[in-house]
Amino acid sequence: MAEHFTEQIVFNKPKIELHVHLDGAIRVETILDVARRRGITLPAGTVKEMTHICVVHQPATLTEFLGKFAEYMHVIAGDREAIKRIAYEFVEDKAKEGVIYVEVRYSPHFLANTDVEPIPWNQKEGDLSPDEVVCLVNQGLAEGEKAFNIIARSILCCMRHMPSWSKDVVELCKKYKKDGVVAIDLAGDESLNCEAYPGHRMAYEEAERCGVHRTVHAGEVGPASVVKEAVEVLKAERIGHGYNILEDQVLYKQLLEQNMHFEVCPISSKLTGACDPDFTKHPVITFRKDKANYSLNTDDPLIFNSTLHLDYSTAQNYMGFTEEEFKRLNINSANSSFLPEKEKKDLINKLYEAYGMVDGFVGSSSVLDGFLLGDGELRNGDRMLGHSGYNPLSHFIVF
């Protein structure tokens with residue numbers, strides 16, 4: 001782990017992860033191995049040295065953080081074997097962390113070297129298209145699922161600075177909807193809004209029309225207005241990060257009532273400079289107190305030299321999280337996943353069983369009007385509705 005963090009396992013039970021980037025979760029050993037095979041010279045030759053180069057060690061700007069990708073992405077991009085391998089190894093790594101369902105996101109264009117303009121990472125033009133990248137990632141994830149008993153799905157990213165790619169992204173989401181791709185995302189510089197870059201809006205309109213699920217990076221370093229745009233213009237069903245939503249209390253309360261899901265990444269938010277470096281002041285503490293719908297995620301574990309265990313131990317040690325809250329947020333995360341309803345119910349039931357909450361099993365039986373939360377407060381059942389309208393806590397559950 002990075003020098004400024006100490007990792008411990010505080011929640012050794014099945015977990016859900018909804019916000020993690022494939023290209024930010026590559027093993028350093030794999031980067032070195034692929035570089036050797038491809039004859040690519042790197043600035044370091046050992047795992048320790050290369051880790052030091054790739055990792056953000058102290059709170060930085062988001063721009064400095066994004067610069068870390070340039071240290072290694074040229075090694076993986078354009079190489080079929082490497083792309084399939086990182087997807088497979090990603091699933092293995094998540095299984096070791098106790099994750100039973102993960103949605104991993106990536107930009108297929110950033111891993112391609114043809115049918116993409118400009119060609120990323122100073123690559124020469126080759127013959128690997130964004131379409132084939134998706135096929136390779138799907139194959140790697142599927143093989144990892146079988147090997148490690150975990151469910152892995154993917155989300156394809158549009159990039160704010162490249163609106164010309166967004167039409168391709170939504171078409172790939174549509175094409176591979178039944179092959180593991182569950183949603184579209186928009187990532188990158190939040191100052192680039194959809195009014196100035198309408199390609200993203202058009203892609204998201206097509207996604208909504210075709211039943212493709214939608215999440216958007218918003219309110220990470222950008223203001224609450226970016227979250228507003230994500231919800232009202234892009235029709236986002238989940239928000240990536242969303243910390244600055246607290247600047248607009250009217251919008252925040254509106255999204256609480258809608259049970260909008262926030263994909264929270266504690267370690268990431270410190271090291272990208274998105275939040276106050278003092279974890280005791282983190283926005284997720286407000287989310288927790290307000291019984292908001294959110295998940296805990298790693299975002300880019302390679303660059304933060306972290307695991308999901310570190311995000312959980314940070315939440316417990318500095319943010320007042322309890323085992324009961326970890327259970328609640330994981331059930332909410334499962335309910336806010338982009339799985340089809342039948343698979344979602346099965347996933348939620350796995351959590352109920354693992355958490356010893358046998359009375360909470362989801363079936364077709366009657367629904368109660370309310371339920372008890374960890375603080376003993378009775379809330380209306382619709383407070384916990386996810387984007388689908390299905391309520392995993394509609395049965396009587398006492399934590």
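The values are calculated or read from the model by the stated rules, or taken from the named source; none is laboratory data. The shown structure was predicted, so the numbers you read here are calculated from the model rather than taken from an experiment. Please note: Cβ atoms are built from the backbone with ideal geometry, for glycine as well, and neighbour counts cover all protein chains shown. Side chains included, ligands, DNA and RNA excluded: accessible areas come from the protein's heavy atoms. Shrake-Rupley method; radii C 1.70, N 1.55, O 1.52, S 1.80 Å.
FRET efficiency for the pair Glu125 and Lys342, taken as 1/(1 + (r/R0)^6) with r the Cβ-Cβ distance and R0 = 45 Å, rounds to 0.55. Might you work out the accessible area of Tyr318 for me, using a 1.4 Å probe with all protein chains in place, and round it to the nearest 10 Å²? Roll a 1.4 Å probe over it and Tyr318 shows about 120 Å².
Long hydrophobic helices in the chain, taken as whole DSSP H segments with a C-alpha length of 24 Å or more on their own axis and mean Kyte-Doolittle hydropathy at least 0.0: 130-148. Taking every alpha carbon pair in the chain, what does the distance histogram look like in 20 angstrom bins from 0, in percent? Over the chain, the share of Cα pairs per 20 Å bin runs 29, 61, 10, 0 percent. Net length available on complete extension from Ala354 to Glu81 is 94.7 nm, with 0.36 nm assigned per residue and the Cα-Cα distance removed.
For the chain, carbon and sulfur atoms together expose 50% of the accessible surface, with a 1.4 angstrom probe and every protein chain in place. In this structure the chain gives 39 Å² per residue of accessible area when probed at 1.4 Å with all protein chains present. Taking 7 Å along the Cα-to-C-beta vector as the label spot, tell me the His52-Lys178 distance in nanometres, rounded to one decimal. Placing both labels 7 Å beyond Cα along the Cβ direction yields 5.2 nm.
Ranking Tyr72, Tyr88 by solvent-accessible area of protein heavy atoms (1.4 Å probe, all protein chains present), from largest to smallest, gives Tyr88, Tyr72. Beyond 25 Å in Cα-Cα separation lie the following of the pairs Lys281/Lys350; Lys175/Lys342; Lys13/Lys345; Lys228/Lys344: Lys281/Lys350; Lys228/Lys344.
Each DSSP beta bridge with both residues in the chain is either parallel or antiparallel, and the antiparallel ones are about 10%. Each peptide in 253-259, 167-173 was scored by the mean count of other Cβ atoms within 10 Å over its residues; highest first, the order is 167-173, 253-259. Secondary-structure-derived ellipticity at 222 nm for the chain, considering helices only, amounts to -12000 deg cm²/dmol, per-run term -39500 (n - 2.57) for DSSP H runs with n ≥ 4.
Solvent-accessible surface (1.4 Å probe) assigned to Lys84 amounts to roughly 60 Å². Distances between every pair of Cα atoms in region 201-240, grouped in 10 Å steps from 0 to the bin holding the largest one, split as 35, 52, 13, 0 percent. Take 330-338, 115-123 and order them by the average number of nearby Cβ atoms within 10 Å per residue, most first; the result is 330-338, 115-123.
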